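Enquirer: Right, I'll just put the structure down here and ask away after.
The values are calculated or read from the model by the stated rules, or taken from the named source; none is laboratory data. This is a predicted model, so every value here is computed, not measured. Cβ: placed from backbone, ideal geometry, glycine included. Neighbour counts: every protein chain shown. Heavy atoms of the whole protein, side chains included, go into the accessibility calculation; ligands, DNA and RNA do not. Shrake-Rupley method; radii C 1.70, N 1.55, O 1.52, S 1.80 Å.
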Amino acid sequence: MGAELVTLQRQYFNTGAPTELKHRKKALQTLRKILTIDVNEILDAVEADLRRQKGVTHALEIANAIVEIDYYLEHLDEWAAPTYVEKTLTTALDTPMIVKESKGVVLLIGPWNYPASMILLPLIPIIAAGNTVIIKPSEVAENTAKVFDRLFTKYFEKRYLSVVLGGVPETTELLKERFDHIMYTGCTPVAKIIMTAAAKNLTPVTLELGGKCPVVVEDDAPADIAAKRIAWGKWLNCGQTCLAPDYIITTPSMKSKLIVALKSALTEFYGTDIQKSKDYSRIINTRHFDRINSLLEKTKAPILFKGGEVDRNDLFIPPIILDAHRSDIFMEDEIFGPILPILTVKDLDEAISVIRSGEKPLAAYYFTKNSGKIDKFLNETSSGGVTINDVLMHITVDTLPFGGIGHSGMGRYRGKFGFETFSHEKGVLKRGYFGESLARFVFKNENF
Ligand code: NAD
């Protein structure tokens, strides 16, 4: 089935139709229409998958996609046009330029945690760059996957944009095919499988992965503001966010202030009975529930705060804050849940050494008013991106590239960076038939 679909899309790509600017814009407008006319179907499906309030999903997964589509529609002509570059002495009479070529058939594989936006945000640059696309949404968020299948089948031709439903066996089948680019969002171990499959055909990949995103809070930061921002980013979607603060690093004196402020932020967001709050999401399934719960059973870290009791029948794990040590089990892998370890260090140097001892995270966060220390943090830590004095927010700026480094991913997208990722920038030199004697003179003098 995968082979047939790829052949069908490749034949259509080879007609040149998807690369026409008119076609690309129409596809973006159709996608925009789906996100306005049929949005409730998507919101209902995400709610069924994640028990996340529709308003929150609209803000986090739909509104940003609409903004991105509009941004693309505004800039597409400009980005798709050839870029003229500086000439060299030997090409003084010629025209060197970069032509933006569409790549071909793209495979887009999505995760379950933001099941709409992690399909929509990469889909926008893929089609804007003139490619055809096969989408494999996560089977774990099965309601959202089915809605995308239904809506995309209704509005797009299969030979241009199609959805393949299913899990590991279906993805494994698809990965046997030859694509012109693979865009994968998910976890690091599976990314290795994707990259291995891509290597067989020398297919370029963009890998958007996760990691342990640290938050360093300095003594000079206002504890209440820092705590509120961290609490929002950590417990949004029940901690199941690739950019969520994974753990905090701070000094002993700031730690006690932060704990008080984090508790008060949690009460403000979710009330005193968190399990009853409509704003607090659930763990996606029992497999992930059991993974996090078994870590809770094994951890040696004292509990500083626990906002309720774990409830497997309700897939509920409350916000839990731990007084953790670097060797704690929660410090091994990305937590991807509502547990927040706090490590104490004596200064920024020690905080940086903690961060540098692990794999490079998708994001790093730093709260301070000291600009010299901010420079040091930026220079001495490596991560996909950074927000200073807040968390997550750098992803909202579409003039910034979004992506990981090392184990948190490779490649980037959003805004113009996405257009570049899914296009081939072809270097072209256009020469005329004049200036023959000058060219010979230059070649002679440059010892060709
Ligand atoms: P996952 O890797 O388990 O699944 C993602 C996709 O890969 C799914 O479509 C799934 O069907 C497919 N898949 C799973 N196992 C496979 C296998 N063995 N062979 C082939 N395909 C396979 O990831 P997930 O659990 O859905 O998502 C959570 C992870 O994604 C976290 O690590 C999170 O940090 C990361 N994430 C990253 C970003 C980002 O933008 N960087 C965004 C969201 C999530």
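Enquirer: Could you say which residue among Glu68, Glu61 is under 20 Å from Met393 (Cβ atoms), in contact with a Gly (Cβ under 9 Å, 6 or more places away or on another chain) and surrounded by 13 or more Cβ atoms within 10 Å (Cβ to Cβ)?
Expert: On the way: Glu61 fails: in contact with a Gly (Cβ under 9 Å, 6 or more places away or on another chain).
Unique residue meeting the criteria: Glu68.
Enquirer: Could you identify the single residue in Lys87, Lys103, Lys54, Lys25 that is free of Cβ contacts under 8 Å to residues at least 40 places away in the same chain, of a type in the set (Lys, Arg) and surrounded by 14 or more Cβ atoms within 10 Å (Cβ to Cβ)?
Expert: Values: Lys87 fails: surrounded by 14 or more Cβ atoms within 10 Å (Cβ to Cβ); Lys103 fails: free of Cβ contacts under 8 Å to residues at least 40 places away in the same chain; Lys25 fails: free of Cβ contacts under 8 Å to residues at least 40 places away in the same chain.
None of the other options fit; the residue is Lys54.
Enquirer: Further, regarding this structure: Tell me whether the range 140-158 contains one or more residues that are open to solvent by 10 Å² or more (accessible area, probe 1.4 Å) and among the hydroxyl-bearing types (Ser, Thr, Tyr). Can you show your working first?
Expert: Of the range 140-158, the ones open to solvent by 10 Å² or more (accessible area, probe 1.4 Å) are 140, 142-143, 146-147, 149-150, 153-158.
Restricting the remaining residues to those that are among the hydroxyl-bearing types (Ser, Thr, Tyr) gives 153, 155.
Yes, that holds for at least one residue.
Enquirer: If I filter the range 33-43 down to residues being surrounded by 18 or more Cβ atoms within 10 Å (Cβ to Cβ) and touching a residue at least 40 places away in the same chain (Cβ under 8 Å), which single residue comes out as farthest from the chain's Cα centre (by Cα)?
Expert: Only one residue fits best here, namely Ile34.
Enquirer: What tally of residues in the range 342-397 results from selecting those that are over 30 Å from Ile62 (Cβ atoms), open to solvent by 50 Å² or more (accessible area, probe 1.4 Å) and touching a helix residue (DSSP H, G or I) at 6+ places or on another chain (Cβ under 7 Å)?
Expert: Counting residues in the range 342-397 that are over 30 Å from Ile62 (Cβ atoms), open to solvent by 50 Å² or more (accessible area, probe 1.4 Å) and touching a helix residue (DSSP H, G or I) at 6+ places or on another chain (Cβ under 7 Å) gives 6.
Enquirer: Of the residues Lys228, Lys212, Lys234, which is open to solvent by 20 Å² or more (accessible area, probe 1.4 Å), in contact with a strand residue (DSSP E or B) (Cβ under 8 Å, 6 or more places away or on another chain) and over 20 Å from Gly104 (Cα atoms)?
Expert: Working: Lys228 fails: in contact with a strand residue (DSSP E or B) (Cβ under 8 Å, 6 or more places away or on another chain); Lys234 fails: open to solvent by 20 Å² or more (accessible area, probe 1.4 Å).
That would be Lys212, the only listed residue that is open to solvent by 20 Å² or more (accessible area, probe 1.4 Å), in contact with a strand residue (DSSP E or B) (Cβ under 8 Å, 6 or more places away or on another chain) and over 20 Å from Gly104 (Cα atoms).
Enquirer: Which is within 16 Å of the ligand (Cβ to nearest atom) and acidic (Asp, Glu), of Glu332, Glu297?
Expert: Just one listed residue meets the conditions, Glu332.
Enquirer: So which of Arg291, Arg282, Arg312 ends up being within 16 Å of the ligand (Cβ to nearest atom) and open to solvent by 70 Å² or more (accessible area, probe 1.4 Å)? Break it down into steps so the answer makes sense when it comes.
Expert: On the way: Arg282 fails: open to solvent by 70 Å² or more (accessible area, probe 1.4 Å); Arg312 fails: within 16 Å of the ligand (Cβ to nearest atom).
None of the others qualify; the one that does is Arg291.
Enquirer: Suppose we keep only residues that are of a type in the set (A, V, I, L, M, F, W, C) and within 16 Å of the ligand (Cβ to nearest atom) within the range 243-264. Which one would you say is farthest from Ile342 (Cα to Cα)? Give the steps one after another, and end with the answer.
Expert: Just the residues of the range 243-264 that are of a type in the set (A, V, I, L, M, F, W, C), to begin with: 243-244, 248-249, 254, 258-262.
Now narrow it down to the ones that are within 16 Å of the ligand (Cβ to nearest atom): 243-244.
On the way: Leu243: 17, Ala244: 14 Å.
Among those residues, the one meeting the criterion is Leu243.
Enquirer: With respect to the numbered conditions (1) open to solvent by less than 30 Å² (accessible area, probe 1.4 Å); (2) touching a helix residue (DSSP H, G or I) at 6+ places or on another chain (Cβ under 9 Å), which one is the sole condition not fulfilled by Ala198?
Expert: Only one criterion in (1) open to solvent by less than 30 Å² (accessible area, probe 1.4 Å); (2) touching a helix residue (DSSP H, G or I) at 6+ places or on another chain (Cβ under 9 Å) is unmet by Ala198, namely (2).
Enquirer: Moving on to the next point. Which condition number in (1) farther than 24 Å from Tyr413 by Cβ; (2) more than 14 Å from the ligand (Cβ to nearest atom) is the one that Cys238 fails?
Expert: Condition not satisfied by Cys238: (2).
Enquirer: Which count do you get for residues in the range 340-356 that are farther than 29 Å from Leu266 by Cα and touching a residue at least 12 places away in the same chain (Cβ under 8 Å)?
Expert: Here is the first cut: in the range 340-356, the ones farther than 29 Å from Leu266 by Cα are 349, 353, 356.
Now narrow it down to the ones that are touching a residue at least 12 places away in the same chain (Cβ under 8 Å): 356.
Selection size over the range 340-356: 1.
Enquirer: Counting just the residues of the range 166-195 that are of a type outside the set (D, E, K, R) and more than 10 Å from the ligand (Cβ to nearest atom), which one comes out nearest to Tyr114 (Cα to Cα)? Give the derivation first.
Expert: At the first step, the residues of the range 166-195 found to be of a type outside the set (D, E, K, R) are 166-169, 171-172, 174-175, 179, 181-191, 193-195.
Imposing the further condition that a residue be more than 10 Å from the ligand (Cβ to nearest atom) reduces the set to 179, 181-183, 195.
Details: Phe179: 25, His181: 22, Ile182: 19, Met183: 15, Met195: 22 Å.
Top of the filtered list is Met183.
Enquirer: Show the residue pairs that are 6+ apart or on different chains and have beta-carbon atoms under 8 Å apart, the first residue being within the range 188-203 and in a loop (DSSP other than H, G, I, E, B), the second being not hydrophobic (A, V, I, L, M, F, W, C).
Expert: Short answer, once both residue conditions are applied: Asn201/Arg178; Thr203/Arg178; Thr203/Asp180; Thr203/His181.
Enquirer: So, in the range 196-213, how many residues would count as being touching a Phe, Trp or Tyr at 6+ places or on another chain (Cβ under 6 Å) and either more than 10 Å from the ligand (Cβ to nearest atom) or aromatic (Phe, Trp, Tyr) (or both)? If you could, list the steps in order and put the result at the bottom.
Expert: Going through the range 196-213, the residues touching a Phe, Trp or Tyr at 6+ places or on another chain (Cβ under 6 Å) turn out to be 203, 207.
Filter once more, keeping what is either more than 10 Å from the ligand (Cβ to nearest atom) or aromatic (Phe, Trp, Tyr) (or both): 203.
Qualifying residue count, the range 196-213: 1.
Enquirer: What strands (runs of 3 or more DSSP E) lie completely within the range 92-156 and have 1 or more residues being within 14 Å of the ligand (Cβ to nearest atom) and within 22 Å of the chain's Cα centre (by Cα)? Full working, then the answer.
Expert: Numbers: elements: 95-102, 105-109, 132-136.
So the answer is 105-109, 132-136.
Enquirer: Looking for whichever is under 27 Å from the mean Cα position of the chain (by Cα) and either within 26 Å of His394 (Cα to Cα) or not in a helix (DSSP H, G or I) (or both) here; the options are Leu243, Leu295. Which one fits?
Expert: On the way: Leu295 fails: either within 26 Å of His394 (Cα to Cα) or not in a helix (DSSP H, G or I) (or both).
Just one listed residue meets the conditions, Leu243.
Enquirer: Which one of these does Ala227 not meet: (1) touching a helix residue (DSSP H, G or I) at 6+ places or on another chain (Cβ under 7 Å); (2) among the small types (Gly, Ala, Ser); (3) within 20 Å of Asn113 (Cβ to Cβ)?
Expert: Result: Ala227 passes all but (3).
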